[in-house]
Amino acid sequence: MNFMVTIIEQGLIYGILALGVYITYKVLDFPDLTVDGSFPLGAAVTAALITRGMNPYLTLLVSFASGALAGICTGLIHVKGKVRDLLSGIIMMTALWSVNLYIAGTSNVPLFSQKTIFKNKLMDGMVPKSLRPYSTLILILVLVMICKVLLDLYLKTKSGYLLRAVGDNEALVTALAKDQGNVKILGLSLANGLVAMAGSIFAQEERVFEISMGTGAIVIGLASVIIGTSLFRKMTVFKATTAVLIGSIIYKACVAIALKNFEPNAMKLITAVLFLIILIFSMERKGGAKKHA
């Protein structure tokens, strides 16, 4: 039971990251590698603020803002600096490694003795004793639903439609007298804000900041998006954001089950193989759909 609860917890946290990747990968059609830097950025900001006595719930908002700023920087490099999208993300991801070290002060910051969103008097008072073992899962679920609902509502606004138009047809955005560059920057800021918030939640759940915790974050996000959108492509009852969240849980479950049967040293290899299988499966389905059409 604890094994399943842990998988769902981890899957939902990375689900918020996957929502950010969904914006860049599916909506903007922008291969943004900033994710590998903005995920630990949220964790670094959280660790620095919590150890200085800030309310842990406020660190979520500050982390979101820091991630949004990182996304804006990536957008400016791409739009104003005329650097290719992939290279823009690589440049920002590389820069954030040092930025994260400066913010946290060290490569490892333990939070075991600090108050977090999961361990504080407010949570102890609100959650009944019978649900205490699941308090972490409940709070993560609430945070995920807030992010999902707000993102769904935003994508239905005029700004949200412009965001989707940039990925589908940039000429249409220009025809509407809107600057497609500014729309891209907005999308990148929103995406990396969500990723950084996921990093903040992850650091508080694990009660530690580690500089390398963002390594492979883009792979997890992409795998979650591809799994979710591939499995639930024809099921209209699922929104895309819901499918992405479910895809994240499925991916984490696959990794966890594989690790149960292999050594921890094989984690990266298992992750790479799973991602390759997911990509091949996704491409085969796309090819089959085109042939059928």
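The values are calculated or read from the model by the stated rules, or taken from the named source; none is laboratory data. As the structure is a prediction and not an experimental result, all values here were calculated from the model. Counting neighbours? That spans all protein chains shown, and the Cβs are built from the backbone with ideal geometry, glycine included. To get the accessible areas, we keep the full protein, side chains included, count just its heavy atoms, and leave off ligands, DNA and RNA. Shrake-Rupley method; radii C 1.70, N 1.55, O 1.52, S 1.80 Å.
Buried (at least 17 other Cβ atoms within 10 Å of the Cβ) and over 30 Å from residue 123 (Cα atoms), is that true of residue 271?
yes
Restricting to segment 107-150, give me the number of residues that are β-branched (Val, Ile, Thr), touching a residue at least 60 places away in the same chain (Cβ under 8 Å) and more than 15 Å from residue 56 (Cβ to Cβ).
1
Among the residues of segment 70-98 satisfying the criterion of being within 11 Å of residue 185 (Cβ to Cβ) and hydrophobic (A, V, I, L, M, F, W, C), which is modelled with the lowest pLDDT?
If we take residues in segment 70-98 being within 11 Å of residue 185 (Cβ to Cβ) and hydrophobic (A, V, I, L, M, F, W, C), then 79 is modelled with the lowest pLDDT.
Sort out which residues of segment 195-225 are in a helix (DSSP H, G or I), farther than 14 Å from residue 74 by Cβ and open to solvent by less than 10 Å² (accessible area, probe 1.4 Å), and write them in order of number.
Selection gives 198, 199, 200, 201, 203, 204, 214, 217, 221, 223, 224, 225.
If residue 48 satisfies every condition in (1) farther than 16 Å from residue 147 by Cα; (2) open to solvent by 30 Å² or more (accessible area, probe 1.4 Å); (3) part of a helix (DSSP H, G or I) but one, which is the exception?
(2)
Output the residue which, of all residues in segment 227-250 that are modelled with pLDDT under 90 and crowded, with 24+ Cβ neighbours inside 10 Å, is nearest to residue 150 (Cα to Cα).
Within segment 227-250, the match that is nearest to residue 150 (Cα to Cα) is 228.
Right, residue 106: closer than 28 Å to residue 240 by Cβ and of a type in the set (Val, Ile, Thr) or not?
no
Quick check, is residue 15 touching a residue at least 12 places away in the same chain (Cβ under 8 Å) and closer than 16 Å to residue 213 by Cβ?
Answer is no for this residue.
With segment 81-163 as the region, which helices (runs of 4 or more DSSP H) entirely inside it contain at least 3 residues that are loosely packed, with under 15 Cβ neighbours inside 10 Å and hydrophobic (A, V, I, L, M, F, W, C)?
Qualifying helices (runs of 4 or more DSSP H): 85-104, 135-155.
In the set 19, 41, which member is within 19 Å of residue 149 (Cα to Cα), open to solvent by less than 30 Å² (accessible area, probe 1.4 Å) and among the aliphatic types (A, V, I, L, M)?
19
Given (1) touching a Gly at 6+ places or on another chain (Cβ under 6 Å); (2) surrounded by fewer than 24 Cβ atoms within 10 Å (Cβ to Cβ), where does residue 34 come up short, assuming only one miss?
Only one criterion in (1) touching a Gly at 6+ places or on another chain (Cβ under 6 Å); (2) surrounded by fewer than 24 Cβ atoms within 10 Å (Cβ to Cβ) is unmet by residue 34, namely (2).
Report yes if some residue within segment 273-280 is farther than 26 Å from residue 110 by Cβ and not in a helix (DSSP H, G or I); otherwise report no.
no
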